[in-house]
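Here is the structure we will look at.
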Amino acid sequence: MNDSKLWSGRFNQPTDAFVEAFTASVAFDQRLYHYDIQGSIAHARMLARQGIISERESKDIVTGLERILSRIESGGFAWSIVQEDVHMNIESALTAEIGAAGKKLHTGRSRNDQVATDIRLWLRDEIGELRQAILRLQQALLDLAEREADTIMPGFTHLQTAQPVTFGHHMMAWFEMLQRDRERLADCNKRVNTLPLGAAALAGTTYPIDRDYTAQLLGFERLAENSLDAVSDRDFAIEFTAAAALTMMHLSRMSEELIIWSSAQFAFIELSDSFCTGSSIMPQKKNPDVPELIRGKSGRIFGHLISLLTLMKGQPLAYNKDNQEDKEPLFDTVDNLKGSLRIFADMVPAISCRKDAMRAAALKGFATATDLADYLVRLGLPFRDAHEVVGRAVSLCVEKRCDLTQLSLEELQGFSNLIREDVFQVLTLEGSVAARNHRGATAPDQVRAAVKQGRERLTC
Ligand code: ARG
C-alpha cells in the first residue's frame with residue numbers, strides 16, 4: 001500500500017525520483033502526527049454523525065488511527081517519502097490497517113484544510129507550553145527581585161551612570177517585558193484557535209458536514225468563516241512568530257546585560273559555573289556562553305519572521321504548495337524559544353550579586369546629582385537653576401577627581417547658599433533610592449510591593 005500514491009489516478013508517468021524527494025515534507029511534518037490523527041478522528045466522528053459514513057466505518061477508522069498512533073509512538077511506523085507528507089503516510093497506513101473504510105476518511109476533506117487544522121492544533125498546544133515557560137522565568141525573576149530588593153547598583157542611560165537603582169527594580173523591568181510577551185501569546189492564540197476544517201480544497205464540500213461539531217470535538221473556539229481564507233491563511237503563524245521574535249528580543253537584551261555585568265570590568269554578578277564554559281587556550285576564562293547563545297539565537301527567529309512574511313506576500317488565493325514551507329520556520333521558532341526560556345529560568349536563581357562592586361560603581365559617576373538638584377528645588381530654587389548649580393558642582397568634582405559627597409559643606413555652599421548640613425543625607429545611595437518611593441519607582445519598598453503585585457498578576 002505504501003508504495004502507490006493516493007493521488008496517482010490521473011498520472012501516466014511515475015514521479016521523478018528527485019522531484020519526489022524535493023516535494024516531500026514527511027521528514028519534518030511527521031512531527032504533526034499526533035494532531036493529524038486527532039483531527040482525523042474528529043472528522044470521522046462528524047462524518048458518521050451526519051450519516052456520511054456509517055458508525056461501523058467511523059469506529060474502524062478511529063481504532064485504526066489509534067493503533068497507528070501507538071505504532072508511531074513506539075517507533076514502529078515506517079515513514080515513506082513516496083507518501084509525501086504526514087497526512088498521506090497516515091491515511092495510506094490506515095487503509096492498509098483496516099481496509100476499505102480507511103478510504104472513506106478523506107470524504108469531504110482535503111489536505112489543504114487538514115494541514116491548516118494540524119498546524120493550528122499543534123501551535124495551540126505549543127503556545128500553552130511557551131506561556132508556561134515564560135511564567136516560570138517570571139517566577140524566578142520575582143524571587144530574585146525580592147531577594148535583591150535592597151541591593152543598590154548604578155542605573156544607566158546611554159550605558160553611562162545615571163541614577164542609583166535597586167537590582168530588584170531592574171529584575172522587575174525584565175518581569176514586565178515578559179508579562180507583555182505572555183499576554184501577546186494569549187492574544188495570538190485567540191486567532192490560532194480557529195477551525196479551518198470543512199473548507200476542503202478551497203470552496204467547501206458537497207457533503208452535509210457539521211463544522212460546529214468538529215470544532216467542538218477539537219476544542220476550537222470558532223470556525224474560519226470563509227473557505228478560501230481558511231486554507232490559505234497563515235497570518236496566525238506570522239503573528240505567532242512576531243510574538244516569539246519579540247520575546248527573543250527581550251531575552252537577547254537580558255542576555256546582553258548578564259554578559260556585561262559578569263565581565264571583569266563590571267563584575268556586578270556571577271553566573272553559576274553550570275551556565276558557563278571555559279576556553280581551550282586561556283585557563284582563566286569563564287565565558288557566559290548561555291546568554292551569548294540566546295542572544296545569538298534571536299537572529300534566526302527574527303529571520304523566521306521575515307521568511308514567513310516573504311512566503312506569503314506573493315501568493316494568490318487559495319492554497320499553494322509554497323505553504324509547505326511554513327513548517328520548518330515555525331518548528332525552529334518554537335524549539336529555540338522554548339529552549340531559551342527554559343535555560344534562562346534555570347539560570348536566574350543561580351545569579352549571585354556582587355553587592356560591593358555594584359555599590360562602588362554606583363558611587364562613581366555622580367549618580368546622585370539629580371537628588372542634589374531635587375534638594376535645591378525643595379528649598380525653593382527653580383529646577384533649571386538647580387540643574388545649573390549641580391552641573392557646576394559636578395564640574396569641580398571632575399577637576400578634583402572626587403565625588404559630590406567628598407566636597408565640603410563650604411564648597412557646596414559656594415554653589416548655593418541654600419545648602420545645609422542635611423545635604424549629605426540626600427547624596428547617599430540609600431537616600432537616593434528610598435526617595436523614589438511611588439508606584440513603579442525604584443525604592444526597595446516599592447520593589448517589594450511590585451513583587452507582591454507581580455505574583456498576583458501571574459495567576460491571570
Ligand atoms: N504537505 C502539504 C503542506 O504542508 C500538505 C497540503 C498539500 N496540499 C496540496 N494541495 N498539495 O502544505
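The values are calculated or read from the model by the stated rules, or taken from the named source; none is laboratory data. Just so it is clear, the model here is predicted, and its values are computed rather than measured. Positions of Cβ are generated from backbone atoms using ideal geometry, with glycine treated the same way; all protein chains shown enter the neighbour counts.
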Review point. Of all the residues that make up the stretch 210-269, how many are within 21 Å of T333 (Cα to Cα), among the β-branched types (V, I, T) and outside any helix (DSSP H, G or I)?
Key: 0
Review point. What number of residues within the stretch 82-95 are over 18 Å from K59 (Cβ atoms) and either more than 12 Å from the ligand (Cβ to nearest atom) or assigned to a helix (DSSP H, G or I) (or both)?
Key: 7
Exercise for review: Identify all residues within the stretch 10-23 that are within 13 Å of the ligand (Cβ to nearest atom) and under 18 Å from S110 (Cβ atoms); write none if there are none.
Suggested key: T23
Review point. When you scan the stretch 194-204, how many residues do you find that are closer than 21 Å to Q38 by Cα and within 15 Å of the ligand (Cβ to nearest atom)?
Key: 5
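Residue-wise test of (1) at pLDDT below 95; (2) within 29 Å of E257 (Cα to Cα); (3) outside any helix (DSSP H, G or I); (4) among the basic types (K, R).
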| residue | (1), (2), (3), (4) |
| --- | --- |
| M347 | no, yes, no, no |
| R359 | no, yes, no, yes |
| V389 | no, no, no, no |
| A393 | no, no, no, no |
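Look through L376, L381 and report the one residue that is modelled with pLDDT of 95 or more, assigned to a loop (DSSP other than H, G, I, E, B), over 37 Å from the mean Cα position of the chain (by Cα) and surrounded by 16 or more Cβ atoms within 10 Å (Cβ to Cβ).
L381
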Exercise for review: Could you check, for the stretch 335-343, whether at least one of its residues is more than 16 Å from the ligand (Cβ to nearest atom), crowded, with 20+ Cβ neighbours inside 10 Å, small (G, A, S) and not in a helix (DSSP H, G or I)?
Suggested key: no
Exercise for review: Take the stretch 67-81 and flag every residue that is outside any helix (DSSP H, G or I) and away from the ligand (no atom under 16 Å from the Cβ).
Suggested key: S74, G75, G76, F77, A78
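Would you confirm, using the coordinates I've provided, whether D326 is closer than 30 Å to V26 by Cβ and away from the ligand (no atom under 16 Å from the Cβ)?
No; evaluated as a whole, the condition is false for this residue.
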**Study point:** Those residues of the stretch 411-428 which are closer than 14 Å to R378 by Cβ and of a type in the set (G, A, S), in sequence order
**Key:** S416
Point to revise | Flag for A449 being closer than 18 Å to L376 by Cα, of a type in the set (A, V, I, L, M, F, W, C) and not in a loop (DSSP other than H, G, I, E, B) | key: no
Revision key, fill the gap. Those residues of the stretch 152-184 which are more than 18 Å from E256 (Cα to Cα), surrounded by fewer than 22 Cβ atoms within 10 Å (Cβ to Cβ) and of a type outside the set (D, E, K, R) amount to A162, Q163, Q179
Revision key, fill the gap. From the option list I52, I37, single residue qualifying as away from the ligand (no atom under 16 Å from the Cβ) and either out of contact with any Gly (no Cβ under 9 Å at 6 or more places or on another chain) or more than 15 Å from N89 (Cα to Cα) (or both) is I52
Review point. Can you name the residue in the stretch 96-126 that is surrounded by fewer than 22 Cβ atoms within 10 Å (Cβ to Cβ) and of a type in the set (S, T, Y) and is also farthest from the ligand (Cβ to nearest atom) among such residues?
Key: T107
Check your understanding: Looking at (1) surrounded by 15 or more Cβ atoms within 10 Å (Cβ to Cβ); (2) in a helix (DSSP H, G or I); (3) in contact (Cβ under 8 Å) with a residue 12 or more places away in the chain, which is the one condition that is false for K190?
Key -> (1)
Exercise for review: With respect to D36, determine if the residue is touching a His at 6+ places or on another chain (Cβ under 7 Å), closer than 12 Å to V86 by Cα, part of a helix (DSSP H, G or I) and at pLDDT 95 or above.
Suggested key: yes
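Return the only residue of F302, F415, F331 being within 16 Å of the ligand (Cβ to nearest atom) and modelled with pLDDT of 95 or more.
Details: F302 fails: within 16 Å of the ligand (Cβ to nearest atom); F415 fails: within 16 Å of the ligand (Cβ to nearest atom).
None of the other options fit; the residue is F331.
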